[in-house]
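Student: Take a look at this one; I'll ask things after.
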Amino acid sequence: MLEKFIKGLHKTREAFKNKFDFLFGSREINQEFFDELEEILLTADVGVETTAKIIDSLEERLRTSKIRERSPAREILKELLVEILQGNHKTGLSLAPAPPTVFLIVGVNGVGKTTTIAKMAYQFTREGKKVLIAAGDTFRAAAIEQLEEWSGVVGAGIVKHQSGGDPSAVIYDAVSAAMARNVDILICDTAGRLHTKTNLLEEIKKIYRVINKSLQDAPHEILLVLDATTGQNALAQARYFQEAVPLSGLILTKLDGTARGGIVIAVRALTGIPLKLVGVGEKKEDLQAFNAAEFVEALLS
């Protein structure tokens, strides 16, 4: 797993490896050290607010531990970042006590939602689970076709309606089908929508209510897909969707395509939403359960 993170963070690591090596060299800690760290974190898209919190916490821990050399400060920073990223949340996806487990997937256009759903379905089918996909993006005909094609590739069933139909009706039928067919996992797609379009967010709320009325305690996870390459805009999206539905986790895609992987830290720190999965490549095997310790080790080692 660590190798996957190292590979996925290749661009970020390449951009900052020499800077970190120089920062944590065999010198004493001084104000210049904190100034340099601030610059590195900001360049990595950690953001002003989160960077300030990290530096304040690091200063306090170094002072308490009476650490004056830069080299051991690297391990203290690792511990701090793991705490921010992990929080009190368990890693991985939560499954229902009894099937079906329902995942509702939301996000804006172009973040890789359809591909992410296919990768999730692939991983669950590999575990021997019976998977059903609900093609709830009825606004885009290509989305239905894509999911239908992917369902055949990964060995999952699909519930779909005609393009332009009512998304809530598709989801309702999918939940009914999942229960009738003894499906283990139901993954519900929704139309990619700009987080500034209030009427479309209302549709998400309606879909959530339909699922909840159809199956007690469902959806069991509401997962927001974010594109790591969009930087601080991903944070704005997370906050907006968080107001619309009770998000339970984040999926960060295209982490391998950015040199600013620090956005992971910013989104987690400022929204409190746990990271569940990260995309570190284009292959169907490249959707990984997020592991805070391994992520930080890959970033700072």
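Student: With respect to SER168, determine if the residue is in contact with a Lys or Arg (Cβ under 7 Å, 6 or more places away or on another chain) and in a helix (DSSP H, G or I).
Tutor: On the way: in contact with a Lys or Arg (Cβ under 7 Å, 6 or more places away or on another chain): yes; in a helix (DSSP H, G or I): yes.
For SER168, the condition - in contact with a Lys or Arg (Cβ under 7 Å, 6 or more places away or on another chain) and in a helix (DSSP H, G or I) - is met.
Student: For residues that are of a type in the set (S, T, N, Q), over 31 Å from the mean Cα position of the chain (by Cα) and part of a helix (DSSP H, G or I), scanning just the stretch 54-78, find the one that is farthest from GLU297 (Cα to Cα). Don't jump to the end; show me each part of the working.
Tutor: Initially, the stretch 54-78 is screened for residues of a type in the set (S, T, N, Q), giving 57, 64-65, 71.
Applying the additional criterion that residues be over 31 Å from the mean Cα position of the chain (by Cα) yields 64-65, 71.
Cutting the leftovers down to part of a helix (DSSP H, G or I) gives us 64-65.
Values: THR64: 23, SER65: 21 Å.
So the residue we want is THR64.
Student: Further question: Which numbered condition in (1) under 22 Å from GLY92 (Cα atoms); (2) over 24 Å from the mean Cα position of the chain (by Cα); (3) without any contact (Cβ under 8 Å) to a residue 40 or more places away in the chain is the only one that THR125 fails?
Tutor: (2)
Student: Go through (1) in contact with a strand residue (DSSP E or B) (Cβ under 9 Å, 6 or more places away or on another chain); (2) modelled with pLDDT of 95 or more; (3) outside any helix (DSSP H, G or I) and name the single condition MET120 misses.
Tutor: With (1) in contact with a strand residue (DSSP E or B) (Cβ under 9 Å, 6 or more places away or on another chain); (2) modelled with pLDDT of 95 or more; (3) outside any helix (DSSP H, G or I) applied to MET120, the lone miss is (3).
Student: Quick check: is even one residue across the stretch 265-272 surrounded by fewer than 24 Cβ atoms within 10 Å (Cβ to Cβ) and under 27 Å from PRO99 (Cβ atoms)? Write out each step before concluding.
Tutor: In the first step, residues of the stretch 265-272 are kept if they are surrounded by fewer than 24 Cβ atoms within 10 Å (Cβ to Cβ); the result is 269-272.
Filter once more, keeping what is under 27 Å from PRO99 (Cβ atoms): none.
No: the stretch 265-272 contains no residue that is surrounded by fewer than 24 Cβ atoms within 10 Å (Cβ to Cβ) and under 27 Å from PRO99 (Cβ atoms).
Student: Something else: For the structure I just gave you, tell me whether ALA178 is part of a helix (DSSP H, G or I) and out of contact with any Lys or Arg (no Cβ under 8 Å at 6 or more places or on another chain).
Tutor: yes
Student: Let me ask something else. Need a quick list: helices (runs of 4 or more DSSP H) entirely within the stretch 220-301 having at least 1 residues that are modelled with pLDDT under 85 and in contact with a His (Cβ under 7 Å, 6 or more places away or on another chain).
Tutor: Numbers: elements: 232-244, 263-271, 292-300.
It comes to none.
Student: Further, regarding this structure: Would you mind telling me which numbered condition in (1) small (Gly, Ala, Ser); (2) within 14 Å of LEU104 (Cα to Cα); (3) touching a Ser or Thr at 6+ places or on another chain (Cβ under 7 Å) GLY192 fails?
Tutor: (3)
Student: What pairs can you find where one residue is in the stretch 221-235 and surrounded by fewer than 19 Cβ atoms within 10 Å (Cβ to Cβ), the other is of a type in the set (Val, Ile, Thr) and assigned to a helix (DSSP H, G or I), and their Cβ atoms are less than 6 Å apart, with a gap of 6+ or different chains?
Tutor: Short answer, once both residue conditions are applied: GLY231/ILE263.
Student: Look through THR253, THR190, THR271 and report the one residue that is of a type outside the set (Lys, Arg) and more than 24 Å from LEU132 (Cβ to Cβ). It would help to see each step written out before you state the result.
Tutor: On the way: THR253 fails: more than 24 Å from LEU132 (Cβ to Cβ); THR190 fails: more than 24 Å from LEU132 (Cβ to Cβ).
After ruling out the rest, the residue left standing is THR271.
The values are calculated or read from the model by the stated rules, or taken from the named source; none is laboratory data. Only a predicted model underlies this, so the values are computations on that prediction, with no experimental measurement involved. Here Cβ is always computed from backbone atoms with ideal geometry, including for glycine, and neighbour counts include all displayed protein chains.
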